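Working notes for the structure below.
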Amino acid sequence: MTHPAPLPSPPTASRASDDETLRLRATLASRCDLTLLETVPAMTLLVDTRRRAVHANAALLAYLGDPDRPLPLAQVLGLRPGELFRCVHATEEPGGCGTTRSCVQCGLLQALAGAAAGTVVEGEGRMLRRHGGRLAAVTIATRAVALDLGGERAFLLYLQDARDRRAGEVMERLFLHDALNALNGILGAAGMLREEADGDLRELAGMILERSGYLERELRAYRMLLDAERAELELTPQDTDPQAICAALVRLFELQARVAGVALRCVPGPEHSLQTDKGILFRVLENLVKNAVEASPQGGTVTVGHEDLGSRVRFFVTNEAVMPPEIQTQVFQRFFSTKGPGRGLGTYGVRLLTENCLRGEVALVSAPGQGTVFQVLLPRVLDADAPDAAPVETP
C-alpha cells in the first residue's frame, strides 16, 4: 500500500477561529495582491499549513456554488479542501478532511504533501461529493505550490475539473441514441434469420442475437447511469419479490460461475413486501453479483440473499475473497478499477443508483475470515417524488 508524503500539518480536528482565519487572510493580503488570483484561468485556492482555506478566487466560488449563485467567500474561509467540495469522506472522522483512510489516496492531498516537501506534484483528486443533496463524481486536476510570504507559509492550489461536462453530455447522448438504433436493427435482422435458417446458419444467428442483446443491455445500463447522474432517471416503484430477484440473478450468472469454477447460490429468505423500482434494483444487484463471481477464487462460493429489517429490506452479495484496504477506500470512485483502463463504472453505479434513485445505502465489509460482503439497504416503500434521502444507518 502506497502512502503519500506527510501532509502540510498532521491531521487534526482543531479548527481556526473566524478571527484567526481573518487575521491570516489580512496578513497575506498585506504581503501579496490576492486580486491577482482572479487573472489565473483556473480555479485557485489559498490554504494555510493546516489546509484551511484563506482565499478562493471567483472561478472556484462559482464552481462550488450554483451556476447563477457563486458560493460567498465567507462560507469558504476556514474549510479544508474536502469540506469545500463536499467530499463524502470529509465527515467520516471527527478530524474531517485529511484524517480518514480514504484521504490517503486523495490526489489533492498528495499534491499538498508534495508542495510541503518542496516538490511540485500534479495529480487528480477523485472524489464522490454531495451537491444539492445529490451524490456526484468529480475529478479535480490539482497542482500545489508552497509560498513563503514574509514568514507566513501558505499553499496555492490550482484546480480544474478534469471533465468537460457539457461537451461530454452531448456526445454521450448522440452516441447512445445512434448505437441503440443500430443494435435494434441488428437484433431484428438476426431474429428473422434465426427463424428462417437452419443448421450452422441458425446457430450463427443465435450467437449474434445473444451478443447483440448483451451489448444492448450494457448500453441501456450506461444510459441509466448517465440519467441518474443528471437527476433525469424516471422512477417506477412497483411491488417486488426479493426472493424472485435473487433467484433470477443466480439464473443469469450460473453459466459464468460454472465456467469460472465458482459456486453460486441463493439463500432462501422470508416472504415480505417491497415496493421499489425493480429495473434499477436488478441492475444494482447484477453488478454486485457479476463482480463477486469475477473476484472469487476457483472453488469459491458467491452467496446472494435478502433479509427483512422491518421498515427496510437488506440485500447482500458475498464472496470469499478479501479486498485489500487500499482498494476498499476507492472501490466506489468513478472510473476506478483493478481490471485495467476503461472500467470502473460498476460499483460507482451501484452506489449512485442506490442512493440517488432507490433512496438507500450501499455498504462494504471485507476482512480475513469473513470475505467480502456488499449490502444494499432499501426503504420498504420507495417514494419516487420525495427529495433524495440522507443515507440510512447500516445495521
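Here, each number is a calculation from the coordinates, and none is a lab measurement. Quick caveat, the model's predicted, so the values are computed rather than measured. In this analysis, Cβ positions are derived from the backbone assuming ideal geometry, glycine residues included, and neighbour counts consider all displayed protein chains.
Hey, if you put +1 on the Cβ of every Lys and Arg and -1 on every Asp and Glu Cβ in the chain, which of L60, T240, L46 ends up farthest toward the positive end of that dipole?
L46
Give, in nm to one decimal, the length gained when the segment between E122 and E203 is fully stretched (0.36 nm per residue of separation minus the Cα-Cα distance).
Full-extension gain reported as 23.8 nm.
Measure nothing fancy, just the Cα-based angle from helix 242-260's long axis to the longest principal axis of the chain, in degrees from 0 to 90, nearest 10.
Helix 242-260 sits at roughly 90 degrees to that axis.
Taking the simple approach of a point 7 Å from Cα along Cα-to-Cβ for both A162 and I327, what is their distance in nm?
Simple spin-label model gives 2.1 nm for this pair.
Using Cα pairs closer than 8 Å and at least 6 residues apart in sequence, work out the relative contact order for the stretch 28-76, in percent.
With pairs under 8 Å counted, the relative contact order is 26 percent.
Using the beta-carbon distance between H272 and L235 and R0 = 22 Å, what value does 1/(1 + (r/R0)^6) give for FRET efficiency, to the nearest 0.05?
Given R0 = 22 Å and the Cβ-Cβ separation, E is 0.55.
How much of the DSSP beta bridge set in the stretch 237-379 is antiparallel, as a percent to the nearest 5?
85 percent
Need one number: % antiparallel among DSSP beta bridges in the chain, to the nearest 5.
Values: 54 of 59 bridges.
Given both bridge residues lie in the chain, the antiparallel proportion sits at roughly 90 percent.
Between E92 and A29, what FRET efficiency comes out of the Förster formula 1/(1 + (r/R0)^6) with R0 = 41 Å and r the beta carbon distance, rounded to 0.05? Each step should come with its number before you reach the end.
Values: r = 34 Å, r/R0 = 0.82.
So, using R0 = 41 Å, E works out to roughly 0.75.
With the Cα gyration tensor of the stretch 237-379 in hand, give its eigenvalues times 5 under a square root as the equivalent ellipsoid semi-axes, listed largest first in whole angstrom.
23, 18, 14
Taking a quarter of the surface of the Cα convex hull of the stretch 153-299, what do you get in nm²?
Mean shadow area of the hull around the Cα atoms is 15.8 nm².
Could you grab the Rg to Rh ratio for the chain? Cα atoms only, Kirkwood for Rh. If you can, show how the numbers build up before the last one.
Working: Rg = 24.4 Å, Rh = 23.6 Å.
Ratio value, two decimals: 1.03.
If a paramagnetic tag sat 7 Å from the Cα of V250 along the Cα-Cβ line, which residues of the stretch 296-318 would have the backbone N under 19 Å from that point?
296, 299-308, 314-318
Only Lys, Arg, Asp and Glu count, each charged at its Cβ (+1, +1, -1, -1), so figure out the dipole size of the chain about its Cα centre, rounded to 20 debye. List each step's numbers first, then the result.
Details: 42 positive and 49 negative charges, 190 e Å.
That gives the chain a dipole magnitude of about 920 debye.
Against the longest principal axis of the chain, how steep is helix 18-31, in degrees 0 to 90 to the nearest 10, with axes from Cα atoms?
Taking the Cα atoms of the chain, the angle to 18-31 is about 70 degrees.
Modelled label-to-label distance, H131 and T39, 7 Å Cα→beta-carbon offset: nm?
Between H131 and T39, the simple spin-label model gives 2.8 nm.
Give me the net charge of R265's neighbourhood, meaning all other residues with Cβ under 13 Å from the Cβ of R265; Lys, Arg count +1, Asp, Glu -1. Working shown, then result.
On the way: positive: R251, R258; negative: E254, E320.
Counting the neighbours of R265, the net charge comes to 0.
Rounded to a whole number, what is D in µm²/s for the stretch 166-229 from Stokes-Einstein with the Kirkwood radius over alpha-carbon pairs (25 °C, 0.890 mPa s)?
Using the Kirkwood radius from Cα pairs, D works out to 190 µm²/s.
Using just the helices of the chain, give the 222 nm mean residue ellipticity in deg cm²/dmol: DSSP H runs with n ≥ 4 each add -39,500 (n - 2.57), and the total is spread over all residues, rounded to 500.
After summing the helix terms and dividing by residue count, I get -12000 deg cm²/dmol.
Rounded to the nearest whole Å³, what is the per residue volume of the convex hull around the Cα atoms of the stretch 18-163?
Numbers: hull volume 16.7 nm³, N = 146.
Looking at the stretch 18-163, the number lands at 114 Å³ per residue.
With point charges of +1 on the Cβ of Lys and Arg and -1 on the Cβ of Asp and Glu, referenced to the Cα centre of the chain, which listed residue (P297, C87, G191) lies farthest in the positive direction of the dipole?
Checked the options; the winner is C87.
Using only Cα atoms, tell me the angle between helix 199-229 and the longest principal axis of the chain; keep it within 0 to 90° and round to the nearest 10.
30 degrees
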